[in-house]
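Taking it in order: structure first as structure tokens, then the write-up.
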Amino acid sequence: MGLIERGALAVRDGRIAFAGPEAELPAAFACAESIDCGGRWITPGLVDCHTHLVYAGNRAHEFELRLEGASYEAIARAGGGIVSSVRALRAADEATLVAESLPRLDALIAEGVTTVEIKSGYGLDTASEMKALSAARKLGTLRDVGIRTTFLGAHALPPEMNGDKAAFIDTIVTDMLPAIAAKGLADAVDGFCEGIAFSPQEIARVFDAARTHGLPVKLHADQLSNLHGAALAASYGALSADHLEHTDEAGAAAMAKAGTVAVILPGAFYFIRETKKPPIDLFRKHGVAMAVSTDSNPGTSPLTSLLLTMNMAATLFGMTVEECLAGVTREAARALGLGHEIGTLEAGKQADFAVWSIGRPAELVYRIGFNPLFARIRGGH
Ligand code: DI6
Ligand code: FE
């Protein structure tokens, strides 16, 4: 973990100017304003690199149906699922979306999160997707937090397409993506590659279009079945492939070769009572970097605690404390293409960090439902 005991951190103009043992702090900082953290631990500001935070309403009723025995896929096929969140988002104006999403963002921030990725995908027409992305950007002006937006047009087939997936992909490629790229509303492009969503061939068309707009890609891959989404993402040099419960060894090897980060999402696994675990051992064996994220969304992971997410990654998947902590900092930053800017405490990076009232780093992963945050600093503030 690169732990430094009796450490010091110096900040100038919103950037880390020094990070290391206090004994090595350059004399130039002697006259700077100094804050004694009282022996607490400092980590990089946490990064939640996979969320669907902007949505309207919730799906508590579907949760009740699932408790009565209905499956996530059965609810989706019966017109519930993602499509019910699409109806709600289309009916909400941007201000309502912002107001409903802000408490979720605040819950993340309260646990030391300084950067959040937010996906669209509940609009599924050009105007509604743009409304969602613009609501996400707006959240970043209301709070001191970094927001990265991802266009997830290929999330589900909207009802007005009458089952015509090819025509919907046409719309994404010729209408939605150009409009979103022209307004600079997305930092990346994502898709849902799954039997209940889109095939690898359909996703490839979206990725080809993303490439022409110069946007990096990510993929919801191999969550419910193995359509070789991880390998597909890797073949496009994706920043990340996410979920990955059903990924095989060839997929893991391809990700390692491409430098594609594996984003592990235990919240969805837990909430839909999935039994197939992501192949953590294969990711370790092949040296695939692993991030950990909430997947905060109304259908499969109504989770807004990155601390609890780390506990789930450790308890459910056997990830180590070091893997969990790197997964919400260094590797999460890389999954957003921001590894050069945030995610570690190094001179030159943005001064985003969290100060914790804990005796050892493992406490951040070990506790369930307890928040030891002492202070959160973003850009030096
Ligand atoms: N995979 C998920 O787990 C979420 N989206 C996706 O592509 C589910 C989103 C939802 O059910 O609303
Ligand atoms: Fe997701």
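Before moving on, here are some points about what is shown:
- Residues of the range 47-79 that turn out to be part of a loop (DSSP other than H, G, I, E, B) and under 26 Å from Leu308 (Cβ atoms), as a count: 14
One line per residue, one yes/no per condition, for (1) modelled with pLDDT of 95 or more; (2) of a type in the set (Asp, Glu); (3) closer than 15 Å to Val292 by Cβ:
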site: Glu323; (1), (2), (3): yes, yes, yes
site: Gly339; (1), (2), (3): yes, no, no
site: Gly343; (1), (2), (3): yes, no, yes
site: Ala375; (1), (2), (3): yes, no, no
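- Checking Glu245 against (1) within 16 Å of ligand 1 (Cβ to nearest atom); (2) under 18 Å from Pro200 (Cα atoms); (3) not in a loop (DSSP other than H, G, I, E, B), the condition it does not meet: (3)
- Selection of first residues in the range 201-213 that are more than 13 Å from Met176 (Cα to Cα) and of second residues that are in a helix (DSSP H, G or I) and of a type in the set (S, T, N, Q), restricted to Cβ pairs under 9 Å at least 6 apart or on distinct chains, gives the following pairs, ordered by first then second residue: Ala204/Ser235; Phe207/Ser235.
- Residues being touching a Ser or Thr at 6+ places or on another chain (Cβ under 8 Å), in a loop (DSSP other than H, G, I, E, B) and at positive phi are entirely absent from the range 249-268.
- Taking the range 153-186 as the range and being under 21 Å from the mean Cα position of the chain (by Cα), away from ligand 2 (no atom under 16 Å from the Cβ) and not in a helix (DSSP H, G or I) as the test, the residues that pass are Gly184, Leu185.
- Failed item, numbered, when Cys193 is tested on (1) within 21 Å of Ser134 (Cα to Cα); (2) within 16 Å of ligand 1 (Cβ to nearest atom): (1)
The rows are residues; the columns are (1) in contact with a Cys (Cβ under 6 Å, 6 or more places away or on another chain); (2) among the basic types (Lys, Arg); (3) not in a strand (DSSP E or B).
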{"position": "Leu325", "(1), (2), (3)": "no, no, yes"}
{"position": "Arg334", "(1), (2), (3)": "no, yes, yes"}
{"position": "Thr344", "(1), (2), (3)": "no, no, yes"}
{"position": "Ala354", "(1), (2), (3)": "no, no, no"}
{"position": "Leu364", "(1), (2), (3)": "no, no, yes"}
{"position": "Gly369", "(1), (2), (3)": "no, no, yes"}
{"position": "Ala375", "(1), (2), (3)": "no, no, no"}
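This table checks each residue for (1) out of contact with any helix residue (DSSP H, G or I) (no Cβ under 6 Å at 6 or more places or on another chain); (2) more than 16 Å from ligand 2 (Cβ to nearest atom); (3) among the aromatic types (Phe, Trp, Tyr).
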position: Phe192; (1), (2), (3): yes, no, yes
position: Ala197; (1), (2), (3): yes, no, no
position: Ala210; (1), (2), (3): yes, yes, no
position: Ser235; (1), (2), (3): yes, yes, no
position: Lys276; (1), (2), (3): yes, yes, no
position: Ile280; (1), (2), (3): no, yes, no
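- Inside the range 84-137, residues that are in contact with a helix residue (DSSP H, G or I) (Cβ under 7 Å, 6 or more places away or on another chain), surrounded by fewer than 19 Cβ atoms within 10 Å (Cβ to Cβ) and among the β-branched types (Val, Ile, Thr) make up a count of 1.
- Selection count where residues are within 14 Å of ligand 1 (Cβ to nearest atom) and either more than 24 Å from Arg59 (Cβ to Cβ) or surrounded by 20 or more Cβ atoms within 10 Å (Cβ to Cβ) (or both), scope the range 275-318: 12
- Matching residues, the range 31-82, being among the basic types (Lys, Arg), modelled with pLDDT of 90 or more and surrounded by fewer than 20 Cβ atoms within 10 Å (Cβ to Cβ): Arg40, Arg66
The values are calculated or read from the model by the stated rules, or taken from the named source; none is laboratory data. Predicted model, so just to flag it, every value in this text is computed and none were measured. Every residue, glycine among them, receives a Cβ derived from its backbone with ideal geometry; neighbour counts consider all protein chains shown.
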